[in-house]
Amino acid sequence: MPVHHILCGLAANPALSSELVDRLIAIADDGIAISLLTHLARTAKIGATLLPRIAAASPAEVEELATSPDLAARMLVAQRRDLPPEIRNRLAGDPGAKVVKALARHPGLSETQLRAMVDRHGIRVLAKVATNPDASPALLEDLVQHKPAVQKVFREVARHRSATASALLVCLTDQQARPVAAGHPAVPPPVLTELLADGEGVVRRRAYAASLT
């Protein structure tokens, strides 16, 4: 049996710890390691994690992963935040929602690209788009008004540096986002005064801290 089949079978074993999987990847040569990671992404719940071997991938390996017909491979490389613009832009238009979701936080994406992600994939990528450091104030306002709403969007917008007063007012209506939004410097002073008397202690504390800045 080929070595990479043996290693892939071992890595997919749910009884193996992450440390043992890392050791399997470490002993594999470059080509097999990439194949192993891709197999692992298909069979295990890696989540929004940039794996060390992907972070260390060479430019040729990044290109190989980004152009792979395997969605799992493209999703792995989309977790990087230092992709060349041409690869980043190609992945921004990927038909796979999981790939776009992994990429959505990448710096340098334009507002047009971010809005296109939301138009194509909707609620599956909404919260991740809200975390993009280059998301515009106008886009953040639209995200909190999206129907159907995604609760995590309110929390992400509430902590975003570009959130506007109008976007924060919407976030303040969400129980989980309210404490986060209360501490944002863009909260209007009259609203901040009201938050200082809020029934929740954490909201009052964060509003007080914001009032001192």
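Against the definition (touching a helix residue (DSSP H, G or I) at 6+ places or on another chain (Cβ under 6 Å), farther than 27 Å from LEU103 by Cα and either exposed (fewer than 15 other Cβ atoms within 10 Å of the Cβ) or not hydroxyl-bearing (Ser, Thr, Tyr) (or both)), how does LEU172 come out, yes or no? It is true that LEU172 is touching a helix residue (DSSP H, G or I) at 6+ places or on another chain (Cβ under 6 Å), farther than 27 Å from LEU103 by Cα and either exposed (fewer than 15 other Cβ atoms within 10 Å of the Cβ) or not hydroxyl-bearing (Ser, Thr, Tyr) (or both). Close contacts from the range 187-213, counting a first residue that is charged (D, E, K, R) and a second that is in a helix (DSSP H, G or I), with Cβ to Cβ under 6 Å and a gap of 6+ residues or different chains, come to ASP198/ARG204; ARG206/PRO179; ARG206/ALA182.
Which residue pairs have Cβ atoms closer than 7 Å, lie 6 or more positions apart in sequence or on different chains, and pair a first residue in the range 163-178 that is of a type in the set (Ser, Thr, Tyr) with a second residue that is open to solvent by 40 Å² or more (accessible area, probe 1.4 Å)? Note: pairs meeting the criteria are THR164/PRO137; THR164/GLU141; SER166/GLU141. Is there a residue being touching a residue at least 40 places away in the same chain (Cβ under 8 Å), within 22 Å of GLN176 (Cα to Cα), open to solvent by 10 Å² or more (accessible area, probe 1.4 Å) and within 15 Å of the chain's Cα centre (by Cα) anywhere in the range 47-70? Yes, the range 47-70 contains a residue that is touching a residue at least 40 places away in the same chain (Cβ under 8 Å), within 22 Å of GLN176 (Cα to Cα), open to solvent by 10 Å² or more (accessible area, probe 1.4 Å) and within 15 Å of the chain's Cα centre (by Cα). Residues being surrounded by 20 or more Cβ atoms within 10 Å (Cβ to Cβ), charged (D, E, K, R), over 15 Å from ASP82 (Cα atoms) and touching a helix residue (DSSP H, G or I) at 6+ places or on another chain (Cβ under 6 Å) are entirely absent from the range 109-126.
Residues in the range 84-103 that are part of a loop (DSSP other than H, G, I, E, B) and either touching a strand residue (DSSP E or B) at 6+ places or on another chain (Cβ under 6 Å) or open to solvent by 70 Å² or more (accessible area, probe 1.4 Å) (or both): PRO95 alone. Identification of helices (runs of 4 or more DSSP H) wholly contained in the range 117-203 with 3 or more residues that are over 23 Å from the mean Cα position of the chain (by Cα) yields 165-171, 189-195. Residues in the range 104-116 that are of a type outside the set (A, V, I, L, M, F, W, C), farther than 14 Å from VAL62 by Cβ and not in a helix (DSSP H, G or I) were compared, and the one that is nearest to the chain's Cα centre (by Cα) is ARG105.
The values are calculated or read from the model by the stated rules, or taken from the named source; none is laboratory data. Please read all numbers here as calculations on a predicted model, not as lab measurements. For neighbour counting, all protein chains shown are included, and Cβ atoms are generated from backbone atoms with ideal geometry for every residue, glycine included. Heads up: the accessible areas ignore ligands, DNA and RNA and are worked out on the full protein's heavy atoms, side chains in. Shrake-Rupley method; radii C 1.70, N 1.55, O 1.52, S 1.80 Å.
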